[in-house]
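**Student:** A single structure is presented below for examination.
The values are calculated or read from the model by the stated rules, or taken from the named source; none is laboratory data. Remember, it's a predicted structure, so these values are computed and weren't measured experimentally. Virtual Cβ from ideal backbone geometry, glycine too; neighbours counted across all protein chains shown.
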Amino acid sequence: MAAPETRALPARRLELMMPDLKPALTEAQARAEASRCLYCNDAPCIAACPTAINIPEFIRKIDSGNYRGSARTILDANILGYSCALVCPVEVLCVGACVYNHQDRPPIQIGLLQRFATERAYEKGTRFFEKGAPTGKRVALVGAGPASLACAHELTRLGHEAVCLEARQLPGGLNTTGCAPYKIRSETALLEVDYIKGIGFEVRTGVEVGGNVTLAELEKTYDAIFLGVGLGPDSRLGLPGENLRGVLGACDLIERIKNRETVPEVEAAREAVVVGGGNTAIDIARELARLGLHVTQLYRRGPTEMGAYAHEQTYARKEGVEFRYWEQPVAYVAGKQGPEKERVRSVQCVKMAQTGAGRQPEPVRGSEHELPADLVAVATGQEKLVSQLRTIAGIKFGADGRIEVEPSTCATGNSRYWAGGDCANGGKEVVNAAAEGKRAARAIDAAFKAALRRAPGAGARGA
Ligand SMILES: Cc1cc2nc3c(=O)[nH]c(=O)nc-3n(C[C@H](O)[C@H](O)[C@H](O)COP(=O)(O)OP(=O)(O)OC[C@H]3O[C@@H](n4cnc5c(N)ncnc54)[C@H](O)[C@@H]3O)c2cc1C
Ligand code: SF4
């Protein structure tokens, strides 16, 4: 089954050179793995899942051969259950919580079982949910990433009309543009979008809210607005040489690897330097290593302070990424002659140390040195997309730029706006965005119902 949007993807992409990290289970393997589950009471795996999927229930259904029922259990709790099966850091969520971890036995491979059930449902085109009876209410969703898609799906089930407005040409948010190709490919992300919107809501791509259409216009046409805009472009450190060819923001580079036909900066490179210690830094380091580059990752603190998950660091090391801790770049240096003139040739670095009582690492005098690099990926965070939203009356922002919401409802300080996903949580995982999108939909529904109860004549019987 191919999603119509996949036609917009070039047939040749670097992401296609990276095979699945965790290949799908065969039916026999899935049945054998499912049969190991202990179906725990108060299952800790459920508590560890932000969307609270009833994991023992869906595993039991696989064990009994009810694959359709299994997929229903998963997707009823989390409509992004397919991509979550592929991209969730299960090692620190459900699988990490499995009781087998305390018994010195391998934990249940929950992600792979979830993939088995949902992938089968996708392959068979099985649909489980329908549009609710129309309420006449309309909701605009800004962005078509996991948060907005989860919200739009739930709103549609509840009978409201939902329209996602997406600035990019392709929907799916970071599932399509950011998550590592060895976990999910862009066409898989687009297939999921197609499946989710198949319930009957619209996704309009190439529509930038704040550009082609304003929030004021949306306010006139829609009864509520959900902000699922994610985070902004890669942050930069402002170092000399940052504009050289071959010095790129990590998310920008990952998007090119996933969605473009060619990425000349990667194809011409041998030596890559990755700057940063978070999960995005590890992702791009692993992707470049898998594409055959020698990768050095610079981090200005030590291994235990790294933001990246420990399991990701271990994989990266196995894949040949060389870590240099307590080092940071101070400048990117251009090649001196010929056609390579404006391209980066090396990274000037310094060693760092935690001197004195201060916790901030500081450059060690006289430690300057150069590392060869014909490609640099800067993964030092993403900016927040606040500028266009600052005009909305009542919406508040935290000191770090995230939209402040009431956690149980995702409501903002403006009664017509809700927000969820990375723009409100500061940048977590797909499963958090899915949970928040659904929670917001239910709160929007409750707000519509409350307004109806308050309306003049509400509750009157007869005329
Ligand atoms: C490199 C990278 C790798 C990641 N890997 C993983 C992983 O392996 N597993 C995992 O669980 N999570 C991963 N994450 C995190 C995960 O992708 C995000 O938490 C999740 O996608 C957030 O969903 P969202 O809908 O809030 O935002 P996004 O996915 O960012 O979607 C927001 C959408 O809104 C659109 N938009 C923004 N502004 C406007 C506007 N003005 N008008 C219209 N549209 C607009 C954007 O174009 C985008 O498509 C990764 C993140 C990054 C950066
Ligand atoms: S904790 Fe492990 S064994 Fe228990 S229900 Fe969850 S997956 Fe099964």
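**Student:** Within segment 92-130, how many residues turn out to be hydroxyl-bearing (Ser, Thr, Tyr) and within 18 Å of residue 23 (Cα to Cα)? Give the steps one after another, and end with the answer.
**Tutor:** Narrowing segment 92-130 to residues hydroxyl-bearing (Ser, Thr, Tyr): 100, 118, 122, 126.
Narrowing the set further to residues that are within 18 Å of residue 23 (Cα to Cα) leaves 118, 122.
Of the residues in segment 92-130, 2 are hydroxyl-bearing (Ser, Thr, Tyr) and within 18 Å of residue 23 (Cα to Cα).
**Student:** Of the residues 193, 207, which is under 18 Å from the mean Cα position of the chain (by Cα) and either away from ligand 2 (no atom under 16 Å from the Cβ) or in the same structural domain as residue 17 (by TED's automatic domain parsing) (or both)? Spell out how you get there, then give the answer.
**Tutor:** Details: 207 fails: under 18 Å from the mean Cα position of the chain (by Cα).
Residue meeting the stated conditions: 193.
**Student:** When you go through (1) modelled with pLDDT of 90 or more; (2) touching a helix residue (DSSP H, G or I) at 6+ places or on another chain (Cβ under 8 Å); (3) of a type in the set (A, V, I, L, M, F, W, C) one by one for residue 385, which number turns out not to apply?
**Tutor:** Failing condition for residue 385: (1).
**Student:** From (1) touching a helix residue (DSSP H, G or I) at 6+ places or on another chain (Cβ under 9 Å); (2) surrounded by fewer than 20 Cβ atoms within 10 Å (Cβ to Cβ), pick out the condition that doesn't hold for residue 379.
**Tutor:** Failing condition for residue 379: (2).
**Student:** Could you tell me which numbered condition residue 398 fails, if it satisfies all but one of (1) surrounded by fewer than 20 Cβ atoms within 10 Å (Cβ to Cβ); (2) within 22 Å of residue 189 (Cα to Cα)?
**Tutor:** (2)
**Student:** Might you check whether a residue that is without any contact (Cβ under 8 Å) to a residue 60 or more places away in the chain, over 27 Å from residue 86 (Cβ atoms), in contact with a Leu (Cβ under 7 Å, 6 or more places away or on another chain) and away from ligand 1 (no atom under 16 Å from the Cβ) occurs anywhere in segment 364-372? Explain how you work it out, then say what you get.
**Tutor:** As a first pass, look at segment 364-372 and keep what is without any contact (Cβ under 8 Å) to a residue 60 or more places away in the chain: 364-370.
Now narrow it down to the ones that are over 27 Å from residue 86 (Cβ atoms): 364-370.
When the remaining residues are screened for being in contact with a Leu (Cβ under 7 Å, 6 or more places away or on another chain), the result is none.
For segment 364-372, residues without any contact (Cβ under 8 Å) to a residue 60 or more places away in the chain, over 27 Å from residue 86 (Cβ atoms), in contact with a Leu (Cβ under 7 Å, 6 or more places away or on another chain) and away from ligand 1 (no atom under 16 Å from the Cβ): absent.
**Student:** Okay, next question. Report yes if some residue within segment 319-331 is of a type in the set (Val, Ile, Thr) and closer than 19 Å to residue 351 by Cβ; otherwise report no. Walk me through how you get there before you give the answer.
**Tutor:** So the first thing to find is which residues in segment 319-331 are of a type in the set (Val, Ile, Thr), and the list is 321, 330.
When the remaining residues are screened for being closer than 19 Å to residue 351 by Cβ, the result is 330.
For segment 319-331, residues of a type in the set (Val, Ile, Thr) and closer than 19 Å to residue 351 by Cβ: present.
**Student:** Any idea which of 419, 411, 441 is more than 23 Å from residue 53 (Cα to Cα), crowded, with 16+ Cβ neighbours inside 10 Å and either in contact with a strand residue (DSSP E or B) (Cβ under 8 Å, 6 or more places away or on another chain) or at pLDDT 95 or above (or both)?
**Tutor:** On the way: 419 fails: more than 23 Å from residue 53 (Cα to Cα); 441 fails: more than 23 Å from residue 53 (Cα to Cα).
Being more than 23 Å from residue 53 (Cα to Cα), crowded, with 16+ Cβ neighbours inside 10 Å and either in contact with a strand residue (DSSP E or B) (Cβ under 8 Å, 6 or more places away or on another chain) or at pLDDT 95 or above (or both) holds for just one of 419, 411, 441, which is 411.
**Student:** Please tell me if residue 230 is on the phi > 0 side of the Ramachandran plot and in contact with a Gly (Cβ under 7 Å, 6 or more places away or on another chain).
**Tutor:** yes
**Student:** Those residues that are polar (S, T, N, Q) and within 22 Å of the chain's Cα centre (by Cα), I need them from segment 55-108; list them, please. Write out each step before concluding.
**Tutor:** Restricting attention to segment 55-108, the residues satisfying the condition of being polar (S, T, N, Q) are 64, 66, 70, 73, 78, 83, 101, 103.
Answer for segment 55-108, where residues must be polar (S, T, N, Q) and within 22 Å of the chain's Cα centre (by Cα): 78, 83.
**Student:** Same structure again: Within segment 127-153, which residues are over 25 Å from the mean Cα position of the chain (by Cα) and surrounded by fewer than 17 Cβ atoms within 10 Å (Cβ to Cβ)? Reasoning before the result, please.
**Tutor:** The initial filter retains those residues of segment 127-153 that are over 25 Å from the mean Cα position of the chain (by Cα), namely 130-138.
Across segment 127-153, the qualifying residues are 130, 131, 132, 133, 134, 135, 136, 138.
**Student:** Taking residue 85, is it within 16 Å of ligand 2 (Cβ to nearest atom) and out of contact with any Lys or Arg (no Cβ under 6 Å at 6 or more places or on another chain)?
**Tutor:** On the way: within 16 Å of ligand 2 (Cβ to nearest atom): yes; out of contact with any Lys or Arg (no Cβ under 6 Å at 6 or more places or on another chain): no.
When the stated conditions are applied, residue 85 does not pass them.
**Student:** For the condition under 19 Å from the mean Cα position of the chain (by Cα), outside any helix (DSSP H, G or I) and within 13 Å of ligand 1 (Cβ to nearest atom), what is the one hit in 427, 401? Write out each step before concluding.
**Tutor:** Values: 401 fails: within 13 Å of ligand 1 (Cβ to nearest atom).
Testing whether each residue is under 19 Å from the mean Cα position of the chain (by Cα), outside any helix (DSSP H, G or I) and within 13 Å of ligand 1 (Cβ to nearest atom) leaves just 427.
**Student:** Can you tell me which residue in segment 327-364 is modelled with the lowest pLDDT, limited to those that are crowded, with 17+ Cβ neighbours inside 10 Å and charged (D, E, K, R)?
**Tutor:** 343
**Student:** Here's something else I'd like to know. Which one of the conditions (1) surrounded by fewer than 24 Cβ atoms within 10 Å (Cβ to Cβ); (2) modelled with pLDDT of 95 or more does residue 260 fail to meet, given that it meets all the rest?
**Tutor:** Single failed check for residue 260: (2).
**Student:** How many residues, within segment 4-51, are within 16 Å of ligand 2 (Cβ to nearest atom), on the phi < 0 side of the Ramachandran plot and not in a helix (DSSP H, G or I)?
**Tutor:** Qualifying residue count, segment 4-51: 12.
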